[in-house]
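The values are calculated or read from the model by the stated rules, or taken from the named source; none is laboratory data. The shown structure was predicted, so the numbers you read here are calculated from the model rather than taken from an experiment. Note: ideal-geometry Cβ built from the backbone for every residue, glycine included; neighbour counts use all protein chains shown. What goes into the accessible areas is simple: the full protein's heavy atoms, side chains included, and nothing from ligands, DNA or RNA. Shrake-Rupley method; radii C 1.70, N 1.55, O 1.52, S 1.80 Å.
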Amino acid sequence: MKHIQLLNKIAKVGVERLDPTEYRCGADVENPVGIMVRSAKMHDMELGKELLAIARAGAGVNNIPVDRCAKEGIVVFNTPGANANGVKELAICALLLASRKIVEGVNWARSLSGTADVAKQVEAGKSQFSGTELRGKTLGVIGLGAIGGLVANVAIRLGMKVIGCDPYLSVAGAWNLDHHIQKAATYEEVYKKSDYITLHVPATDTTKGMINAATIATMRKGVKIINLARAELVNAADLAAAMASGRVSAYVTDFPTEETVAIPGVITIPHLGGSTEESEENCAVMAAEELDEYLSTGNIRNSVNYPNASMAISGAARICVLHANVPSLLANISTAISQKGINIENMLNQSKGENAYTILDVNTVVDDDVYRALANIGGVRRVRIIHF
């Protein structure tokens, strides 16, 4: 029985994808081989020697020690696109919130409770909440992946002009984009041409603080910025100054911080992007399926620290080796197996940065001697033997 630890409440429909005759799932299981998590902080958590994989029911993995997991041969999965529709819908809502002073108007209307002639007061006071329409305005989309691409397509249907930039856009992603979307060569081009800018990129060394005093200075005066991606993308101090001067006329974010909740005019949403029943179920199902596939077959799909690797089963046993991506290591693995008199029927090797993964199918039972021979090779982090 494989133990799967649930660090958060995971949608039942996802947990049920794990066969109860093979898996025991719960918050209190001991020595788990897999973990399913949403937002629980894992950086200070002790990771047991039996732990093989962590599946994050969502896209962001900031709460998981991804690099430490890679060094310990623990595969970390996420669920890209599973909550894309939910975030897309909130992004469209954010565009309207930035345009129409809806939040301010609702709060003002609520303040009229208990007063006389409310309807008359509304008619007299509504002009202070006038806004602008989206139609005909230019939306700049930074990141055209699963979420950004959907937002861009909907914006076109709303009558907006859309310009997007994504240096890492896949061919499949490009095919899904409306042909009216203009492609920008750089983020700077998007900044200069947009009335609205929406961010859909991860927080990396190159994107953290990408919205700052220097980049804001290149934007149109009165630009409206939507950030449902990560708080770290925006320099809060520079944003506050830009809001005060009117250089930025609206900022809507799904990631409130101590700094942004204090900035007058900023609309902070309490991280509701994927908080729909449908998104939570989609994420849970995808996370469970990724975990099950890896634990059962060794195939990797949607990992953030190891390469995707999938190979049809073609032998009696499968040897899975997680290792450093260094020269000659693959040759050492093949040699170690050959020296044990085992013929390799099929093999797949993939790499991702400093990390690599090798799958070898063989037509014989693999004993502990083979396991030890492989585990003792320098640079090998984890060896798994799966018998079929």
Report the accessible area of Asp117, computed with a 1.4 Å probe over the heavy atoms of all protein chains in place, in Å² rounded to the nearest 10.
-> 110
Near Lys2, which lysines are there with a Cα under 17 Å away, not counting those fewer than 8 places off in the same chain?
-> Lys49
Given the C-alpha centroids of the range 12-86 and the range 310-340, what is the distance between them in whole angstrom?
-> 25
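Could you report the chain's accessible area per residue, 1.4 Å probe, as an integer in Å²? Can you show the working numbers first?
Values: 18850 Å² over 388 residues.
Value returned for the chain: 49 Å² of accessible area per residue.
Taking only DSSP H segments of four or more residues, each worth -39500 (n - 2.57), what value at 222 nm results for the chain once the sum is divided by all its residues, to the nearest 500 deg cm²/dmol?
Working: 13 runs with 124 residues, N = 388.
Computed mean residue ellipticity for the chain: -9000 deg cm²/dmol.
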In this structure, among Lys161/Lys224; Lys9/Lys71; Lys101/Lys161, pairs with alpha-carbon gaps over 19 Å are Lys9/Lys71; Lys101/Lys161
Whole-Hz couplings from phi, Karplus 6.51/-1.76/1.60, listed for the range 58-68; x for Gly and Pro = x, 8, x, 10, 4, 8, 10, x, 4, 5, 4
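Where the accessible area of the chain is counted over protein heavy atoms with a 1.4 Å probe, how much of it, in %, is carbon and sulfur?
Numbers: 9660 of 18850 Å².
Ligands and nucleic acids excluded, carbon and sulfur give 51 percent.
Check each of the chymotrypsin sites (Phe, Trp or Tyr not before Pro) in the range 140-246 and keep only those in coil by DSSP with at most 16 other C-beta atoms within 10 angstrom; list them in order. The partial results should precede the final answer.
On the way: sites: Tyr168, Trp175, Tyr187, Tyr191, Tyr196; in loops: Tyr168.
Answer in residue order: Tyr168.
Tell me, in nm to one decimal, what length is gained between Ile386 and Lys126 on full extension, where the rule is 0.36 nm per residue of separation less the Cα-Cα distance?
86.8 nm
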What is the magnitude of the charge dipole of the chain about its Cα centre, with +1 placed on the Cβ of each Lys and Arg, -1 on the Cβ of each Asp and Glu, and no other charges, expressed in debye to the nearest 20?
-> 1220
Which of (1) 170; (2) 156; (3) 184 gives volume of the Cα convex hull per residue in Å³ as computed here? It is (1)
Percent of beta bridges antiparallel (DSSP, the chain, rounded to nearest 5) | 40
Per-pair calculated FRET efficiency, R0 = 22 Å: Ser39 and Lys208 via Cβ, rounded to 0.05 = 0.65
Would you mind checking the tilt of helix 146-157 against the longest principal axis of the Cα atoms of the chain, expressed as 0 to 90 degrees and rounded to 10?
-> 30
